[in-house]
Amino acid sequence: VGSFFNIPSSSAVFEQLESRSPPYEAVASHSRDRPAVLEIYSHRCPVCAKTGRYALSFLDKYKDVDWVMIDGEEPTNYMLVQDYEVDSIPHFVFISKDGEIQGEAVGNI
């Protein structure tokens with residue numbers, strides 16, 4: 001059904017977002033020239049897949065914002081999950097171009 005209506009599957013959504021995602025280290029710097037959205041997600045999360053489709057549309061429209069995908073279940077990301085006090089996913093962190101956290105949101109946005 002998804003291909004008939006040109007709706008990407010969940011795995012395709014994550015693959016597209018991950019391929020467009022700059023590394024976290026690049027946006028963690030305070031010497032940035034553009035704002036960023038961090039999305040801490042899981043491949044097994046249905047809400048993450050739904051918001052991922054909106055993220056792709058957002059990225060097509062707002063090319064001056066970095067969207068950084070962080071797999072919360074990846075062991076190498078456990079420290080980030082703790083640092084951002086993630087207790088539910090998807091978890092979004094909005095970062096200014098100066099590297100300051102402007103806000104956070106959890107769930108379906």
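The values are calculated or read from the model by the stated rules, or taken from the named source; none is laboratory data. Keep in mind it's a predicted model, so treat the numbers as computed, not measured. Positions of Cβ are generated from backbone atoms using ideal geometry, with glycine treated the same way; all protein chains shown enter the neighbour counts. Just so you know, the surface numbers come from the protein's heavy atoms only, side chains and all, with ligands and any DNA or RNA stripped out. Shrake-Rupley method; radii C 1.70, N 1.55, O 1.52, S 1.80 Å.
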CD proxy, 222 nm, the chain: helix-only mean residue ellipticity via -39,500 (n - 2.57) per DSSP H run with n ≥ 4, per residue, nearest 500, stands at -10000 deg cm²/dmol
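Restrict the search to the stretch 75-109; then list the GluC sites (Glu not before Pro) that DSSP places in a loop and that have at most 15 other Cβ atoms within 10 Å of their Cβ.
When the GluC sites (Glu not before Pro) of the stretch 75-109 are filtered for loop state and at most 15 Cβ neighbours within 10 Å, Glu85, Glu100 remain.
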May I ask you to list the trypsin sites (Lys or Arg not before Pro) in the stretch 34-109 that are in a DSSP loop and have at most 11 other Cβ atoms within 10 Å of their Cβ? Arg44, Lys63
Looking only at the stretch 35-109, where both bridge partners belong to it, what percent of the DSSP beta bridges are antiparallel (to the nearest 5)? 60
Evaluated at 20 °C and 1.002 mPa s, the Stokes-Einstein D of the stretch 51-109 based on the Kirkwood radius over Cα pairs, in µm²/s, stands at 170
Positive end of the dipole of the chain, charges at C-beta (+1 Lys, Arg; -1 Asp, Glu), about the Cα centre: which of Pro23, Pro90, Ser57 has its Cα farthest in that direction? Ser57
Of every hundred units of 1.4 Å-probe accessible area on the chain, the number belonging to carbon and sulfur atoms, as a percent, is 53
Could you tell me how many degrees, from 0 to 90 and to the nearest 10, lie between the Cα long axis of helix 46-61 and the main elongation axis, the longest principal axis, of the Cα atoms of the chain? 80
Would you mind getting the accessible area per residue of the chain, heavy atoms of the protein chains only, 1.4 Å probe, in Å²? 60
Labelled set (1) 23, 17, 12; (2) 44, 12, 10; (3) 26, 16, 11; semi-axes √(5λ) of the Cα gyration tensor in Å computed from this model equals the value at (1)
Excluding residues on the same chain fewer than 8 positions from Lys97, give the aspartates and glutamates whose Cα lies under 15 Å from its Cα. Glu25, Asp33, Asp64, Asp66
Filter the GluC sites (Glu not before Pro) in the stretch 13-52 to those in DSSP coil with at most 11 other Cβ atoms within 10 Å of their Cβ, and list the result. none
